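Please read the structure below before turning to the comments.
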Amino acid sequence: MRVVAAGLVFVATAVCLALGLGMILGGLSPAKALASLLGGAAAGCFAFFGTRKAPSQPLTVPDLFMLTVFVLASARAFLWLLYPSGADWKVLSPNNLGDIALHLQLIQFLASGCPLWPETPFFAGTPLTYYLGVDLFNSLLMLVGVPLTKGLVWVGLLGAAAAGWALWNWGRAFTLAGLLFNGGLAGFALFTTGHLEDFQGDLAWKNLFLAVFVTQPALLFALPAGLVLLADWRVRFGDDEGSDRGPLLPVWVLGLLYAVMPLFSAQTFLALSVSLAALFLFLPKKRLLLVRFVGAAFPVATASAWLVTDGFSMQTGIRWLPGWMQGSDGVWFWMLNFGIALPLLGVLAWRLVFDREHDASTRALTGSGLFLLITCALFAFAPWPWDNVKIMIWGWLIVLPFLWEGVLAHWGEILCGLCLVALFFSGAVSLVGGLDARHGYRLIGRLELEQARRDLASIPPHDVLATTPEYNNPAILLGHPVLCGYEGHLWSHGIAYQSRMQALQRILAQEPGWENTAQALDARWLYLPPNPPQPIPRKSLPP
């Protein structure tokens, strides 16, 4: 606990200091990055010595097995996150082709000294409405001399180590399995096809480790921080406060991790806030303490949310969408995607309502997790409905310990074993199939990227380029701001990009008057790789 708490405080403080220095003094620099990291390290030391040492807890055979699987899966996923293979740069997962391109652009754009709060590099001229915490931390490492690819790998490995510990601390082997092996019925196709693959890859409820944890750097901080907060709240507001299992973390650490969460993951902040609301509802004796905690965190949390939403002006995309992504599949969608998980969660909900043996904090947190899952089945929280998974993962993780403690652990060994196989077999097949040696997907040629780096070296780093809107465009991968980036990044962020995309196509085709169009949009260079960039003529625009 002490090491994980110190690491989380280190990252959170370094990011906040970097934002403050960058906003006051005009962008980041190596000196500001070093000062931010040193300040974060100092705060991490205070957190380490201020955190009470956790009592030792024995590791069971299932614990050791699941921790080993998590270590192996994380090593495979993050050591091959972005790697050279022959003449190409490759990524291990096809889910990560578009995502890693976006993060490469953000990291290098932030490291270029752009003004903070930054504009959107993939839609130049508009404020960034994205939680950039982990990308900003990677930028700090890059500015102090850590190579970008090595920084990505080490942040991934260390974040995964913290997440693995936090998952085990929250719900032991069962919760680790819940992240690694979530799924429904799709994986049972192994017995008919005889081929091992990620059978859930085309479904809505994909393997969470492959499709969310590996592809979303935000979770490298948000997942361990969120689980540490939940674990502390469960004990702090439970019946055994003051025992040897009492709260371990200083209140200031809890407040910091919660207050800065919007900078790292808006979905995690929402899930944690729902859990706090449930604790307030179920624990009347703790309400004053909860109000004080939220009140102390409120100014920083509000400022964090204000930054990532452009002053609360962004379009959230929240809308009524009963059935989530079921389409015309109806009940079969839920059976195929979730399998036995749904009836098990139904049993848990029944026990939550009618079984009064559980303490109030257990009932509150279980209820908050079920509420998140049900709400995501009725509403879409982003322009792309699949993004609901970034909230659903929290509903799922929150209820897992209570699903084991309140339901499965009370059943006989045979019935419990059958349920575990039905619950986790499909996800286990997907995990192995998604990480095996057949994978490796080309992002860009290494020589092509180096040639582009040379071609773009003389261009001021904040000049806007009019270039092809592809995720693996070398200008995007090298962190340059572009007039209009990859369409998947634009629509999934809720950006109204269609008119500018049409203008970009006219510029790229060099239709009559294209120079005026480019100048009106403040694009200064035309870049059609593999050709070198060409300056766009600046003309006097008509009044």
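The values are calculated or read from the model by the stated rules, or taken from the named source; none is laboratory data. This is a predicted model, so every value here is computed, not measured. Note that each Cβ is placed from the backbone with ideal geometry, even for glycine, and that neighbours are counted across all protein chains shown.
Structure data summary
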{"item": "Qualifying residue in region 173-185 (condition: touching an Asp or Glu at 6+ places or on another chain (Cβ under 7 Å) and farther than 15 Å from Met1 by Cβ)", "result": "yes"}
{"item": "Top-ranked residue of region 312-326 - restricted to ones that are surrounded by 11 or more Cβ atoms within 10 Å (Cβ to Cβ) and out of contact with any Phe, Trp or Tyr (no Cβ under 8 Å at 6 or more places or on another chain), ranked as nearest to Asn337 (Cα to Cα)", "result": "Trp324"}
{"item": "Residue under evaluation Thr366, criteria (1) free of Cβ contacts under 8 Å to residues at least 12 places away in the same chain; (2) outside any loop (DSSP other than H, G, I, E, B), criterion not met", "result": "(1)"}
{"item": "Enumeration of residues in region 376-428 that are in contact with a strand residue (DSSP E or B) (Cβ under 7 Å, 6 or more places away or on another chain) and either assigned to a helix (DSSP H, G or I) or among the aromatic types (Phe, Trp, Tyr) (or both)", "result": "Phe379, Asn388"}
{"item": "Residue that is nearest to Pro147 (Cα to Cα), among those in region 53-92 that are part of a loop (DSSP other than H, G, I, E, B) and within 24 Å of the chain's Cα centre (by Cα)", "result": "Leu82"}
{"item": "Restricting region 103-153 to residues that are aromatic (Phe, Trp, Tyr) and in contact with a helix residue (DSSP H, G or I) (Cβ under 8 Å, 6 or more places away or on another chain), the residue that is surrounded by the fewest Cβ atoms within 10 Å (Cβ to Cβ)", "result": "Trp117"}
{"item": "Checklist (1) buried (at least 23 other Cβ atoms within 10 Å of the Cβ); (2) in a loop (DSSP other than H, G, I, E, B); (3) of a type in the set (S, T, N, Q) applied to Gln216, failing item", "result": "(1)"}
{"item": "Residue list for region 181-202, filter: in contact with a Phe, Trp or Tyr (Cβ under 9 Å, 6 or more places away or on another chain) and in contact (Cβ under 8 Å) with a residue 60 or more places away in the chain", "result": "Phe181, Asn182, Gly183, Gly184, Leu185, Ala186, Gly187, Phe188, Leu190, Phe199"}
{"item": "Residues being in contact with a Ser or Thr (Cβ under 7 Å, 6 or more places away or on another chain) and within 24 Å of Thr175 (Cα to Cα) - total across region 59-92", "result": "0"}
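A quick yes/no check of all residues on (1) part of a helix (DSSP H, G or I); (2) within 18 Å of the chain's Cα centre (by Cα); (3) not assigned by TED's automatic domain parsing to the domain that holds Ala360:
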position: Phe199; (1), (2), (3): no, no, no
position: Leu249; (1), (2), (3): no, no, no
position: Val253; (1), (2), (3): yes, no, no
position: Leu270; (1), (2), (3): yes, yes, no
